[in-house]
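In what follows, a single structure is set out as structure tokens and then discussed.
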Amino acid sequence: MTYTHIKIPQAAEKISVRNDKLRVPGNPVIGFIEGDGIGPDITRASLRVWDAAVEKAYGGKRKIHWCELYMGEKAAGLYDGDYFPQESLDAIKDLVVAIKGPLTTPVGGGFRSLNVSLRQTLDLYACVRPVRYYEGVPSPMRRPEEVDVVIFRENTEDVYVGIEYASGTPENEELSRFLREKLGAKFFDKAGLAVKPISPFGSKRLVRKAIQYALDHNRESVTLVHKGNIMKYTEGAFRNWGYELAKEEFSNDVITEEELYDRYGGQQPEGKLVIKDRIADVMFQLLQLRPTEFDVIATMNLNGDYLSDAVAAQVGGIGIAPGANIGDHVAVFEATHGTAPKYANQNKVNPSSLLLSGVLMLEYMGWGKAADLINAAYPKVIAEKFVTYDFARQMDGAHTVSTSTFADALIAKITGSSEDLARFEQERRAALQRERKEREAQRMANPVEAMKASGRQPTTAAGIMSAIVSVPADAIVEDAMHSMRKHDISSILVEPHSDGQWGIMTQRDIVTKIVGANKSAANTKVSEIATKPLITVQPDLTLPMLSEKMASHGIRRVIVEDKAVPIGIVSETDLFRIVEEFGWDVEE
Ligand code: NAP
């Protein structure tokens with residue numbers, strides 16, 4: 001391909017796509033668009049940091065060869081007033097990966113945002129916004145470190161496609177007449193009208209990308225966010241198509257939240273991703289109050305627009321939030337803020353949003369080691385209160401530095417002891433894993449509370465079972481009683497002896513078989529008084545059937561078993577609590 005103003009570096013290779021996979025050479029060409037306003041300042045600073053991280057991470061064996069592409073005001077100067085030159089679009093497709101600073105949208109009728117045009121022209125259908133906290137960054141939250149989500153926002157549908165008819169225009173009048181006369185729609189006169197298309201194709205390819213990302217990055221869940229309770233055939237359909245896609249294409253890798261409780265009692269099976277959904281309005285509250293419950297989020301354009309900025313505010317605002325627009329392989333990474341023209345060429349603003357978009361880009365290329373170095377160096381510089389003006393005004397005792405000095409400080413950390421930095425990032429990941437396990441333990445210890453929090457009602461044995469506590473068959477009754485007291489439980493499971501059968505010892509056994517029979521609890525083994533065999537049920541047995549089974553056997557508790565191993569216990573008290581708490585309304 002020949003270009004007029006774009007110069008592809010000769011000593012480099014292009015990134016390519018083979019067998020549906022990105023193939024990144026050690027010396028790739030990557031396109032960059034410096035953007036308008038503050039764009040050149042933040043791009044100059046970020047390029048130096050990315051290069052330093054790659055050099056340090058790979059000891060000079062890998063190197064990015066940057067290729068400048070033009071859009072916005074710089075392009076208009078070069079291409080005869082064209083802000084959006086075709087050859088830049090061709091080059092992005094050719095190079096597969098590019099990164100851009102912010103672009104001005106000239107105010108005035110008929111001019112479409114360049115950012116929106118770029119996404120639509122290149123069919124970059126997923127806007128990806130990871131939002132995580134870097135220690136030391138000023139935040140309005142008490143525990144901002146709990147936020148670590150990646151939002152996948154659909155880029156090509158919804159009200160943003162711009163099918164809109166202004167009040168009083170002939171098109172509006174024609175559409176109004178059609179809606180009223182043919183479809184019986186009712187609305188006020190002179191209403192402006194917009195169309196909100198949501199398709200199975202658009203929804204599914206977005207959800208596919210979100211699920212694939214979650215699986216590739218060992219994430220815990222994907223939450224489909226929608227307003228389907230009101231807009232059933234657009235937002236509600238997005239939710240349904242999302243679940244449908246998960247089942248059609250990822251059935252071995254995912255379970256639904258319903259299955260998590262109804263089948264697995266809150267314990268996430270190893271290697272399975274949970275797919276769940278939440279109504280958009282409550283999601284804003286949940287992301288502030290209980291952010292740890294969310295991981296990857298997939299949503300339509302308008303919800304995603306609001307949600308990304310709102311969550312970004314929790315960890316330091318859009319000045320720091322990175323972003324990417326990704327299609328089928330072609331990806332453009334970008335700062336999420338605008339051109340802040342009043343600060344142009346002052347070497348003053350925060351380069352973090354673009355800089356961290358570059359981290360996302362390095363991860364996308366599979367150059368995680370370089371990304372980790374920046375991720376680890378970043379909080380260290382912030383911790384030293386070495387920050388640009390925007391962070392400084394929110395921090396006590398900060399040293400306000402310029403854009404380029406901030407980059408220098410980062411490079412000094414990156415080129416310092418990389419072992420320390422690598423360990424720092426590994427420790428952060430290990431802490432996230434520990435928190436995930438703690439959440440799971442809490443879910444399993446009190447599945448009813450967890451289920452209430454997720455807005456569901458239990459319907460199966462696994463949904464209400466409590467974790468079991470067991471003792472070996474030759475344990476002494478007195479010791480087992482201490483264990484029951486310690487765990488505040490009224491029964492304990494007895495592990496199999498040579499007969500291979502599990503048993504159960506209850507408080508009632510102590511009354512009848514120890515006290516009533518005048519035996520010594522200190523000289524009796526649990527296997528002597530345990531009841532066998534256990535009455536068991538499958539995890540997905542419904543609550544009415546479970547109750548019927550308990551009644552027909554005249555027992556007060558039943559063991560939930562999976563593949564012949566007890567995994568939980570349900571008692572009459574548990575059933576009582578469910579009915580009292582959730583009610584038991586049967587549709588006649
Ligand atoms: P903006 O450029 O994002 O700036 C708004 C304010 O945000 C700035 O005045 C500044 O706040 C703060 N800010 C933004 N970037 C910052 C940074 N890197 N470091 C520190 N502070 C930063 O929004 P706008 O003024 O509404 O938009 C200006 C132009 O940008 C418009 O033409 C718009 O269309 C365009 N835009 C482009 C993109 C994009 O390319 N993706 C996105 C949004 C807007 P203080 O004044 O408080 O210091």
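Derivation of every value follows stated rules applied to the coordinates shown; laboratory data play no part. This one's a predicted model, so the numbers in the text were calculated from it and none came from an experiment. With ideal geometry, Cβ positions are generated from the backbone for all residues, glycine too; neighbour counts draw on all protein chains shown.
Could you tell me how many degrees, from 0 to 90 and to the nearest 10, lie between the Cα long axis of helix 200-216 and the main elongation axis, the longest principal axis, of the Cα atoms of the chain?
For 200-216 against the chain, the angle is about 70 degrees.
Sorting S352, S404, S176 on the 10 Å Cβ count, fewest up front, what's the list?
So the residues, fewest neighbours to most, are S404, S176, S352.
Out of the DSSP beta bridges found with both residues in the chain, what percent are antiparallel (nearest 5)?
Roughly 50 percent of the DSSP beta bridges within the chain come out antiparallel.
Nearest-5 percent of antiparallel DSSP beta bridges in the stretch 525-588?
75
P(r) tail for the chain, what percent of Cα pairs lie past 42 Å?
Details: 63676 of 172578 pairs.
More than 42 Å apart: 37 percent of the Cα pairs in the chain.
For the chain, what relative contact order do you get, as a whole percent, if you take Cα pairs closer than 8 Å and at least 6 residues apart?
For the chain, the relative contact order is 15 percent.
Would you order S470, S483 from fewest to most other beta-carbon atoms within 10 Å of each residue's own beta-carbon?
Fewest-to-most Cβ neighbours within 10 Å comes out as S483, S470.
May I ask for the angle, rounded to the nearest 10°, between helix 543-553 and the longest principal axis of the chain, with both axes built from Cα atoms and the value confined to 0 to 90°?
Computed tilt is about 10 degrees.
List nothing, just return the count: lysine pairs in the stretch 326-466, 8 or more apart or interchain, with Cα separation under 27 Å.
Going through the stretch 326-466 pair by pair, I get 11.
Provide the FRET efficiency to the nearest 0.05 for the K190-S113 pair, computing r from the beta carbons and using R0 = 22 Å.
0.20
Can you give me the long-range amide H partners of R263? Hydrogens built in the peptide plane at 1.01 Å from N, cutoff under 5 Å, separation of 5 or more residues or another chain.
none
When Y364, Y343 are ordered from fewest to most other Cβ atoms inside 10 Å of their Cβ, what list results? Could you put the intermediate results ahead of the total?
Details: Y364 20, Y343 17.
Ascending Cβ contact count within 10 Å gives the list Y343, Y364.
Pull out a ≥ b ≥ c, the square roots of the eigenvalues of the alpha-carbon gyration tensor of the stretch 159-304, then state rounded if a/c is under 1.5, prolate if not and a/b is larger than b/c, and oblate in the remaining case.
prolate
What nm distance separates the two modelled labels at A551 and Q288, each placed 7 Å from Cα along Cα→Cβ?
The two pseudo-label positions are separated by 4.7 nm.
Express the relative contact order of the stretch 324-479 as a whole percentage, based on alpha carbon pairs under 8 Å and six or more residues apart in sequence.
Reported relative contact order: 16 percent.
What is the spin-label model distance, in nm, from R143 to T542 if the labels are put 7 Å beyond Cα along the C-beta direction?
With each label placed 7 Å out from Cα toward Cβ, I get 3.8 nm.
Once the piece of chain linking E248 and E135 is laid out straight, how much longer is it, given 0.36 nm per residue of separation minus the C-alpha distance between them?
Result: 36.7 nm gained on full extension.
Short version: ³J(HN,Hα) in whole Hz for each residue of the stretch 117-132, in order, from phi by Karplus 6.51 cos²θ - 1.76 cosθ + 1.60 (θ = phi - 60°), x for Gly and Pro, what are they?
4, 4, 4, 6, 5, 8, 6, 7, 7, 10, 8, 9, 10, x, 10, 9
Which of rounded, prolate, oblate describes the stretch 285-360, given a ≥ b ≥ c as roots of the alpha-carbon gyration tensor eigenvalues and a/c under 1.5 marking rounded, otherwise prolate only if a/b is larger than b/c?
It is oblate, given that a/c is not under 1.5 and a/b is not larger than b/c.
From largest to smallest, what semi-axes in whole angstrom does the stretch 161-228 give when each is the square root of 5 times an eigenvalue of its alpha carbon gyration tensor?
Those come to 39, 12, 10 Å.
Rounded, prolate or oblate, given the Cα gyration tensor of the stretch 1-144, with a/c below 1.5 counting as rounded?
oblate
Just tell me which lysines come within less than 23 Å, Cα to Cα, of K186; anything on the same chain fewer than 8 places away is out.
K196, K227, K232
Roughly speaking, what is the centre-to-centre gap between the stretch 488-546 and the stretch 445-483 when only Cα atoms are used, to the nearest Å?
15
With θ set to phi - 60° and the Karplus curve 6.51 cos²θ - 1.76 cosθ + 1.60, what are the ³J(HN,Hα) couplings of the stretch 143-160 in order, to the nearest whole Hz, using x for Gly and Pro?
Calculated HN-Hα couplings, in order: 10, x, 5, 6, 7, 7, 10, 10, 9, 9, 10, 5, 10, 10, 10, 6, 5, 6 Hz.
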